[in-house]
Amino acid sequence: RREKMKALELLYQGKAKSAYLTEDQDLLVLKFRDDTSAFDGEIIEQLSEKGAVNNQFNAFIMSKLSENGVPTHYVERLSATDVLVKRLDMIPVECVVRNRAAGSIVRRLGVEEGMVFDPPLFELFLKNDSLHDPMVTEHHVEAFGWATRREMSRMHELTLEANTILKGMFDKAGLQLVDFKLEFGRFHGEIVLGDEFSPDGCRLWDKLTGEKKDKDRFRQNLGGVLEAYREVAVRLGIVLDN
Ligand code: ADP
Ligand code: UDP
């Protein structure tokens, strides 16, 4: 069985992870690299140990989501940086939920950072770096054939479910889940959560001090990026390998 999980040839290389084929057509190995990108790949830097920390972080979150009824691609962690996942037919759309305003919505709509959205706000972005991930609507998703109306409504539903589960979990750890991004794909006809959930793809603010504990530390040059990722992991009860 171990043999079956070995990474064979490189299928594709993203900005932060590489995907490898395995002997099993339905499985991929994802390798979390230390590369950290911002501004649609304009800036790329190495953050030592980020790959390993995010791999463990993601494994923990994906397991929690699965336990709570969100179907995910996660199978098992293979090593410090590698995870075995179901191979999905990815839908090229980013599903974002915002509990509070930060990042692009502040620039786009001129609202104040921290404004509360109740109920949470759901947004869609086309995954396309050269177009700078433009915002799209569910109508675009359907009209361009990226997903069917039924698939889109399932992604919407699962993203809001994930928000409910994760918001509660981070709250208990003294953190506010400000916003996050999810990517989904198809697996034998089912919509399944793919990609990753880590501090690279969400915003987390300390409940007491408001301090940023996510990739904004990198984007805004605040320093202590990996220290913050590790702190969040420890607060969630994750026992980091290194
Ligand atoms: P990016 O595409 O943003 O540069 P990454 O470096 O994270 O992202 O690369 C990971 C790539 O693998 C992404 O294109 C993502 O859509 C894809 N991917 C993630 N999970 C799966 C999966 N289970 N099956 C197939 N492709 C996946
Ligand atoms: N996000 C992401 N990948 C992207 C774009 C956004 O993981 O390509 C995450 C980001 O980390 C944040 C949320 O999605 O948690 C909302 O991002 P936003 O639209 O504010 O864009 P940003 O200003 O972060 O580029």
Note down the Stokes-Einstein diffusion coefficient of segment 113-242 in µm²/s, whole number, using a Kirkwood radius over alpha carbon pairs, 37 °C, and 0.692 mPa s. 200 µm²/s
Segment 25-109, Rg to Rh (Cα coordinates; Rh as Kirkwood inverse mean 1/r): 1.01
Chymotrypsin sites (Phe, Trp or Tyr not before Pro), restricted to segment 98-180: which are DSSP loop and have at most 12 other Cβ atoms within 10 Å? F144
Using only DSSP helix segments of four residues or longer, with each worth -39500 (n - 2.57), what per-residue ellipticity at 222 nm results for the chain after dividing by its residue count and rounding to 500? -9000 deg cm²/dmol
Which loop-located chymotrypsin sites (Phe, Trp or Tyr not before Pro) does segment 181-242 contain, where loop means any DSSP state but H, G, I, E or B and the Cβ has at most 10 other Cβ atoms within 10 Å? none
Computed over the chain, the Cα gyration tensor eigenvalues, each multiplied by 5 and square-rooted, give semi-axes in Å (largest first) of 26, 23, 18
Once the convex hull of the C-alpha atoms of segment 52-152 is built, how many Å³ does it hold per residue, rounded to a whole number? 156 Å³
Please state the charge dipole magnitude for segment 92-242, taken about the Cα centre, from unit charges on C-beta atoms (+1 on K and R, -1 on D and E), reported in debye and rounded to the nearest 20. 200 debye
For segment 6-52, state what percent of all Cα-Cα pairs lands in each successive 5 Å bin, counting from 0 Å until the bin that includes the largest distance. 5, 23, 23, 19, 16, 9, 5, 0
Ranking L30, W205, L11 by how far each Cα lies towards the positive end of the charge dipole of the chain (+1 on Lys and Arg Cβ, -1 on Asp and Glu Cβ), the top one is W205
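Quick note: the coordinates plus some simple rules give every number you see, no bench work behind them. Computed from a prediction, not measured in an experiment: that's the story for all the values here. We place every Cβ from the backbone using ideal geometry, glycine too, and count neighbours over all the protein chains shown.
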